[in-house]
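Here is the structure we will look at, set down as structure tokens.
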Amino acid sequence: MNFTKKHLLGLEDYSREEIHCILENARTFRAVLDRNFKQVPPLKGRTIANMFFEPSTRTLNSFLLAEKNLSAGSINFSAKSSSLSKGESLRDTVENIEAMRVDMMVVRHSSPGAPHFISQHTNAAVVNAGDGPHEHPTQALLDFYTMGEHFDSFEGLRVVIMGDILHSRVARSNIIGLKKLGAEVTLCAPPTLMPYDYSDWDIRYEPDLKKALEGAQVVNILRLQLERQRHGYIPSLNEYHQLFGVSTDHLDILDKKHIIMHPGPMNRGVEITSRLADHPDAVILKQVTNGVAVRMAVLYLLSQNLN
Ligand code: CP
């Protein structure tokens with residue numbers, strides 16, 4: 001297909017065909033990752049700024065490797081050591097980074113909409129690497145890629161997304177993308193960790209863990225965002241683990257063919273037991289490997305539409 005998008009701000013703006021196009025391109029780059037020599041030339045001469053205003057282990061390093069593998073030049077902008085700490089505005093920061101002739105910006109920010117705002121103040125292509133609780137499109141795309149390695153079709157695929165849905169950008173991007181791809185999505189969470197209104201989502205909500213997991217093919221377990229729990233969303237971590245923690249004891253309830261996913265970082269012993277995290281049915285580290293290939297595909301496709 002003719003890929004015409006300049007930015008990846010969220011899967012909300014992407015069609016089913018565009019999502020498939022990214023996943024198909026990612027297959028080529030995934031094969032590159034298995035070679036001893038991983039560098040290919042498509043972004044030679046291009047410069048990408050990784051602007052992370054929030055901490056990250058997987059997404060930042062995955063983008064850095066993707067850029068290196070595509071032969072792009074990279075700069076890393078860290079909010080803490082920048083002039084933001086002297087009061088410089090986000091808009092001035094972006095305009096100054098762009099003035100250095102940067103072609104693309106990869107942005108993580110705690111405020112929903114920050115990448116959208118940035119895209120309005122730069123000619124560079126902008127990739128959302130996670131904006132508050134809003135979207136994390138490349139995480140969802142790498143999740144879809146990983147599902148695609150284990151299942152022939154997304155049509156009717158039974159996916160359960162477990163845990164802190166309320167605060168999760170991973171959940172939002174997964175739900176939006178999976179519905180476009182034709183999957184059946186069940187959400188399982190305490191009512192306090194569900195959005196107030198989810199009627200737009202065309203999902204099943206099942207607060208009973210065992211009922212939710214029955215016959216599931218994909219279980220995507222979200223991190224309980226401990227930093228937000230002081231607001232009293234759950235009575236205690238122990239109770240959350242008892243009612244919503246997924247363990248190897250649950251594997252028998254799932255469809256015979258199943259995978260266990262987690263976007264990371266994990267709270268072992270809270271939303272997932274250590275034994276399940278390290279179980280052969282868990283594809284958590286495969287997700288991380290696939291993330292590099294998916295991000296290579298995203299950067300490559302967006303770069304086709306740079307001025
Ligand atoms: N999954 C994810 O976004 O992890 P990081 O916060 O480490 O980037």
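Using only the Cα atoms of the chain, construct the convex hull and provide its projected area averaged over every direction, in square nanometres to one decimal.
That works out to 15.9 nm², a quarter of the Cα hull's surface.
Mind pulling the angle between the C-alpha long axis of helix 284-303 and the longest principal axis of the chain? Nearest 10 degrees, somewhere in 0 to 90.
40 degrees
Looking at Tyr240, Met162, Leu64, which one has the Cα that reaches farthest to the positive end of the dipole of the chain (charges on Cβ: Lys, Arg +1; Asp, Glu -1)?
Leu64
Protein chains only, probe 1.4 Å: how do Asp252, Asp92, Asp34 rank by accessible area, largest first?
Solvent-accessible surface, decreasing: Asp252, Asp34, Asp92.
Quick check on packing: order 54-61, 165-172 by the mean number of other C-beta atoms within 10 Å, highest mean leading.
165-172, 54-61
Residue farthest toward the positive end of the dipole of the chain, with Cβ of Lys/Arg at +1 and Asp/Glu at -1: which of Gly45, Tyr300, Val219?
Gly45
Jot down the radius of gyration and Dmax of segment 21-67, Cα atoms only, both in angstrom.
Rg then Dmax for segment 21-67, in Å: 12.5, 33.
Under a point-charge model restricted to the Cβ atoms of Lys and Arg (+1) and Asp and Glu (-1), what is the dipole moment magnitude of the chain relative to its Cα centre, in debye to the nearest 20?
920 debye
Taking H as built 1.01 Å from N, whose amide H comes closer than 5 Å to the amide H of Phe52, not counting residues under 5 places away?
For Phe52, whose amide H was placed from the backbone, the distant partners under 5 Å are Phe77, Ala79, Arg108.
Sort 207-215, 79-87 by packing, meaning the average of other beta carbons within 10 Å per residue, with the highest value first.
207-215, 79-87
Given 0.36 nm per residue, what is the gain on full extension from Asp249 to Phe117 after removing their alpha carbon distance, in nm?
Using 0.36 nm per residue and subtracting the Cα-Cα distance, I get 43.0 nm.
Looking at the chain, send over the antiparallel percent of its DSSP beta bridges, to the nearest 5.
Around 5 percent antiparallel, to the nearest 5.
What pairs from Lys38/Lys286; Lys6/Lys179; Lys180/Lys286; Lys6/Lys80 go past 21 Å between their alpha carbons?
Distance filter (> 21 Å) returns Lys6/Lys179; Lys180/Lys286; Lys6/Lys80.
What angle, in degrees between 0 and 90 and rounded to the nearest 10, separates the Cα long axis of helix 137-150 from the longest principal axis of the Cα atoms of the chain?
Computed tilt is about 60 degrees.
Accessible area per residue, 1.4 Å probe, Å², for segment 30-169: what's the number?
Here the residues of segment 30-169 average 42 Å² of exposed surface.
Ranked by accessible surface with a 1.4 Å probe, highest first, in what order do Arg46, Arg30 come?
So the residues, ranked largest to smallest area, are Arg46, Arg30.
Calculate for the chain the 222 nm mean residue ellipticity that helices alone would give, adding -39,500 (n - 2.57) per DSSP H run of length 4 or more and normalising by residue count, nearest 500 deg cm²/dmol.
Here the helix-only value at 222 nm equals -11000 deg cm²/dmol.
The values are calculated or read from the model by the stated rules, or taken from the named source; none is laboratory data. Since this is a predicted model, take the numbers as computed values, not measurements. Every residue, glycine as well, gets a Cβ built from its backbone with ideal geometry; the counts of neighbours run over all protein chains shown. SASA here: full protein model, heavy atoms, side chains in, ligands and nucleic acids out. Shrake-Rupley method; radii C 1.70, N 1.55, O 1.52, S 1.80 Å.
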